[in-house]
Each structure stands twice: as structure tokens, then as C-alpha cells.
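Report on the following structure.
The values are calculated or read from the model by the stated rules, or taken from the named source; none is laboratory data. Keep in mind it's a predicted model, so treat the numbers as computed, not measured. FYI the Cβ positions are ideal-geometry reconstructions off the backbone, even for glycines, and counts take in every protein chain you see.
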Amino acid sequence: MIRQVTAELVDAFGRLLPQLSSSAPPLEHSGLESIVACPANTMLVSRSPAGQITGMLTLVMFPIPTGMRAWIEDVVVDESARGQGAGVALTLAALRLARDAGARTVDLTSRPSRAAAGRLYERIGFQLRSSRLYRFDLAETDIPAGSDSAPG
């Protein structure tokens, strides 16, 4: 579990983040600090036998009226370390933390193109859900005009 941002962590993110997303901007020290400092986030890393960071996962937990929600986000294992158990270890650690925090379920999404990741999640016990995921792109779409009164 990451509690403070180090140069090693910044370097690891510089290597791992492009393997997760080609569109994600690089993270600098201050950006990582805001992620690690957020009380909803728990960042986990895996290490090689030599001690190098080889993978990362962010567990996001927050209370809502229906209970504690838990999401696994941004899972990536270095290409050179895949197939060696790091993804399973990270995911199982996140599941234990979520259970201990009172979450009843843990959700995650994975692109269909990441077939190996999908197989890993199903082997662990995740079930593919039939749902509709909606996304509103705030950078590309104006928020429609609505009522002048604030919700409340």
C-alpha cells in the first residue's frame, strides 16, 4: 500500500501508465500526491523479486446511501512481468481491503481488447454484468442548460 510518493513511484508510473492508456497524460509528483492523499483511494503496487515496481492498482471506496462502494481502477502490470501472478496478487489484496472496509461488492471495468485481463478477473471470481455504462465527456460536450434552481 502506497502512503507516500517517491521518485521511484513517479518513475514506475512513467513506465506503467503508457502501458495502460495511450491517452493518459504523464503524472508528475504533485499529481500522484493528490491521488495518494485522497481518502477514497488506496494505491497498491507489486514488486519483482529484485524490488522493482512491476504493477499497480487503485482501489476506490466511498460510502453512498446503499452502502460502501468499491471499484478497482487502473490495473496494469509491466509487460515484462505479465503472467507471473502480479495482477492476481494485486486484485486479491484489493478485494480483501474492500471486504474489510465493509463493501459487499467490488466492481471494475476492462476493455474487451484486454482479453487476458478479462480471463484473469473471471478466474478470480468476477462475473460479467449485463449493464449499460454511460459516459459524459466533459471535455468534448457542453452541459445542457437546465433548471436555474440547484438540486437539493
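Would a scan of the range 60-67 turn up a residue that is at pLDDT 95 or above, under 15 Å from residue 97 (Cβ atoms) and in contact with a Ser or Thr (Cβ under 9 Å, 6 or more places away or on another chain)? Within the range 60-67, one or more residues are at pLDDT 95 or above, under 15 Å from residue 97 (Cβ atoms) and in contact with a Ser or Thr (Cβ under 9 Å, 6 or more places away or on another chain).
Screening the candidates 33, 79, 28 for the property of being surrounded by 12 or more Cβ atoms within 10 Å (Cβ to Cβ), among the acidic types (Asp, Glu), over 19 Å from residue 125 (Cα atoms) and touching a residue at least 24 places away in the same chain (Cβ under 8 Å) yields one hit, 33. Residues in the range 82-109 that are among the small types (Gly, Ala, Ser) and either closer than 23 Å to residue 63 by Cα or touching a residue at least 60 places away in the same chain (Cβ under 8 Å) (or both): 93, 94, 98, 101, 102, 103. Could you please find all residues in the range 60-76 being touching a residue at least 40 places away in the same chain (Cβ under 8 Å), aliphatic (A, V, I, L, M) and in contact with a Leu (Cβ under 7 Å, 6 or more places away or on another chain)? Within the range 60-76, 75, 76 qualify.
Among the residues that make up the range 41-48, is at least one of them crowded, with 18+ Cβ neighbours inside 10 Å and part of a helix (DSSP H, G or I)? Among the residues of the range 41-48, not one is crowded, with 18+ Cβ neighbours inside 10 Å and part of a helix (DSSP H, G or I), which makes the answer no. Restricting the range 73-118 to residues that are polar (S, T, N, Q) and within 23 Å of residue 13 (Cβ to Cβ), which is modelled with the highest pLDDT? In this case the residue turns out to be 91. Mind checking which residues of the range 97-118 are surrounded by fewer than 10 Cβ atoms within 10 Å (Cβ to Cβ) and either over 23 Å from residue 67 (Cα atoms) or aliphatic (A, V, I, L, M) (or both)? 111, 112, 113 - these are the residues of the range 97-118 that are surrounded by fewer than 10 Cβ atoms within 10 Å (Cβ to Cβ) and either over 23 Å from residue 67 (Cα atoms) or aliphatic (A, V, I, L, M) (or both). Quick one: which residue in 96, 119, 104, 69 is assigned to a helix (DSSP H, G or I) and either farther than 24 Å from residue 21 by Cβ or in contact with a Phe, Trp or Tyr (Cβ under 7 Å, 6 or more places away or on another chain) (or both)? Exactly one residue qualifies, and that residue is 96. Return yes when residue 57 is surrounded by 12 or more Cβ atoms within 10 Å (Cβ to Cβ), out of contact with any Phe, Trp or Tyr (no Cβ under 7 Å at 6 or more places or on another chain) and modelled with pLDDT under 95 and no when it is not. Considered against the rule, which asks whether it is surrounded by 12 or more Cβ atoms within 10 Å (Cβ to Cβ), out of contact with any Phe, Trp or Tyr (no Cβ under 7 Å at 6 or more places or on another chain) and modelled with pLDDT under 95, residue 57 comes out as no.
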